[in-house]
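I have placed the structure first, in the form of structure tokens, so that the comments after it can refer back to it.
The values are calculated or read from the model by the stated rules, or taken from the named source; none is laboratory data. Owing to the predicted nature of the structure, the values given are computational and were not obtained by experimental measurement. No Cβ is skipped: glycine too gets one built from the backbone with ideal geometry, and neighbour counts run over all protein chains shown. Ligands, DNA and RNA are stripped out before the accessible areas are found, and what is left, the full protein with its side chains, is counted by its heavy atoms. Shrake-Rupley method; radii C 1.70, N 1.55, O 1.52, S 1.80 Å.
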Amino acid sequence: MRHHPRTGDLALAAAVLLPLVVALPRLGWPADDAGAWLAWVGRAAGILGLAMLLLAAATSIRVPGWDRPFGGLARLWRLHHALGFGAFVLLMAHALALALAAVPLGVPVAVEVLFPPLSRGPVWLGWLAWLAMLLFLAPTFGFFGRPRYQTWKRLHLLSAAALLLALAHALPLAGEAWPWWLLGLAGLAAIAWRKLFSSRARLAYRIEAVEPLARGVVELVLAPEGRRLVHEPGQFVYLAPLDEALSAGRGEEHPYTLASAPADECLRIGIKDLGDASHALQSVTPGSMVQVEGPYGDFFGRHLSRRHRLWLAGGIGITPFVGGARDLLARGAVEGQVLLIYLANRPERAYYLEELEAIAERLAGFSVVSHYYLERGALDAAFLAAHCPDVAEREIHLCGPPAMNAHLRRLLAGQGVPRSRIHSEVLDFL
């Protein structure tokens, strides 16, 4: 994960602050007493919270390529979640601060600020918006445990209601309304695209083969039925299988990393049995159709061979590196050096290893080293020093289970690797 500011981050920050900046002349500066300060903070929190809610919706649009300024879709999804949770907290602070500001006038007055007569419709619309937020954010943030996919998807439809209710709450109370129209239209357009129109952008592919790699791991070979997907090494797609014989996941879209080179005619996707949908795909019917949406991600960035590289892969996290190695072979050259350290529990779980070693034999500058946990324990500094003594000077990409990624980050930091040179992309979102 890259840690320097991105153009997308700066644009989001500016958009969050825009309504507050526009409202500042009307808000003025609070008088020097606690009640006035609380009222000012409450209004500012409401403005920022609503802006974050609308931008959380806008960042859910998931148009291929639009995630690149944010460092890939996985990172954009984390920003989306942070905006949603931040909006929830700020909008609660908005209501509580306004009520506390009225406490010096008496508790009944403070209660009436929170729960006024029904004739004050905009305030009650605000409460309805907050309730809708609570319902659709609850599964995303695990308030009641990890949700089932279909439950999460249905509850997220409430986001459109929350946005409309929040706008109906804010517009009658706002001075300058144009920032809310701007952000509101962006958020509603994103929801409309995702729920109504994005399926039209999917590409049709046919499953040409299901190739077993190890127990519980297969590679799907997908042949295009029309327009081909244009992608870069290390990117991923959303795959929706249409096989009627599937025991689970039919028509559901889930993210999978591409293991094919961009020049390949067919797409190749390595899939490990990690849940109901991926388990069903282990025996998907060859010849059945799938829909593919993407590509997404920025794992390698736009400069695959800018400097010497170290690739660290574990489990099904090998797939972006397989795509990268196949791409290097297709191009026939490696600028600098690329070392892949393949971390597996034991040799029979090192899927793709034979192919990767064959690529290394044919391609100068690309090399592969295997490391088996059951033989050596976790990767350590001594192994790194023996096989990659210049680790602190390399650009490093890592992909694997969360615990492995965390261990490798600590190990690399101890070797003096700057955080800005460590890149990862974990598809741990719904």
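Structural remarks
- Filter result for S370 (under 21 Å from L222 (Cα atoms), of a type in the set (S, T, Y) and not in a loop (DSSP other than H, G, I, E, B)): no
- Hits in the range 392-401 - residues which are open to solvent by 10 Å² or more (accessible area, probe 1.4 Å) and not in a loop (DSSP other than H, G, I, E, B): A392, E393, C399
- Applying the criterion of being over 18 Å from M404 (Cα atoms) and of a type in the set (V, I, T) to the residues of the range 332-358, the residue that is most open to solvent (accessible area, probe 1.4 Å) is V334.
- Criterion (surrounded by fewer than 16 Cβ atoms within 10 Å (Cβ to Cβ), in the same structural domain as L73 (by TED's automatic domain parsing) and not in a loop (DSSP other than H, G, I, E, B)) met by exactly one of L188, L173, L182: L182
- Only one of V322, V290 that is crowded, with 17+ Cβ neighbours inside 10 Å, closer than 17 Å to A209 by Cβ and not assigned by TED's automatic domain parsing to the domain that holds L379: V290
- Selected residue (criterion: nearest to L163 (Cα to Cα)) from residues of the range 101-125 that are among the small types (G, A, S) and surrounded by fewer than 20 Cβ atoms within 10 Å (Cβ to Cβ): G121
- Remark: pairs (first residue in the range 381-392, over 19 Å from G336 (Cα atoms); second residue surrounded by fewer than 12 Cβ atoms within 10 Å (Cβ to Cβ); Cβ separation under 9 Å; 6+ apart in sequence or on different chains) = A381/G414.
- Among the residues of the range 402-427, those that are surrounded by fewer than 15 Cβ atoms within 10 Å (Cβ to Cβ) and either touching a residue at least 40 places away in the same chain (Cβ under 8 Å) or part of a helix (DSSP H, G or I) (or both) comprise P402, A403, A406, R410, A413, G414, R419, S420.
- Boolean, L196 is loosely packed, with under 14 Cβ neighbours inside 10 Å and either aliphatic (A, V, I, L, M) or part of a strand (DSSP E or B) (or both): yes
- Residues that are among the charged types (D, E, K, R), assigned to a helix (DSSP H, G or I) and either in contact with a Ser or Thr (Cβ under 9 Å, 6 or more places away or on another chain) or loosely packed, with under 14 Cβ neighbours inside 10 Å (or both) within the range 1-51 comprise just one, R26.
- Only one entry of L54, L98 meets the criterion of being open to solvent by 30 Å² or more (accessible area, probe 1.4 Å), at pLDDT 90 or above and under 26 Å from L182 (Cβ atoms), and that entry is L98.
- L329 satisfies every condition listed in (1) part of a strand (DSSP E or B); (2) open to solvent by 10 Å² or more (accessible area, probe 1.4 Å) except (1).
- When the range 30-72 is filtered for residues that are of a type in the set (K, R) and in contact with an Asp or Glu (Cβ under 9 Å, 6 or more places away or on another chain), the ones remaining, listed by number, are R62, R68.
- Restricting the range 293-319 to residues that are of a type in the set (K, R) and open to solvent by 20 Å² or more (accessible area, probe 1.4 Å), the residue that is nearest to G71 (Cα to Cα): R302
- The listed residue being at pLDDT 85 or above, within 14 Å of the chain's Cα centre (by Cα) and either surrounded by fewer than 22 Cβ atoms within 10 Å (Cβ to Cβ) or of a type in the set (A, V, I, L, M) (or both), out of L91, L128, L76: L76
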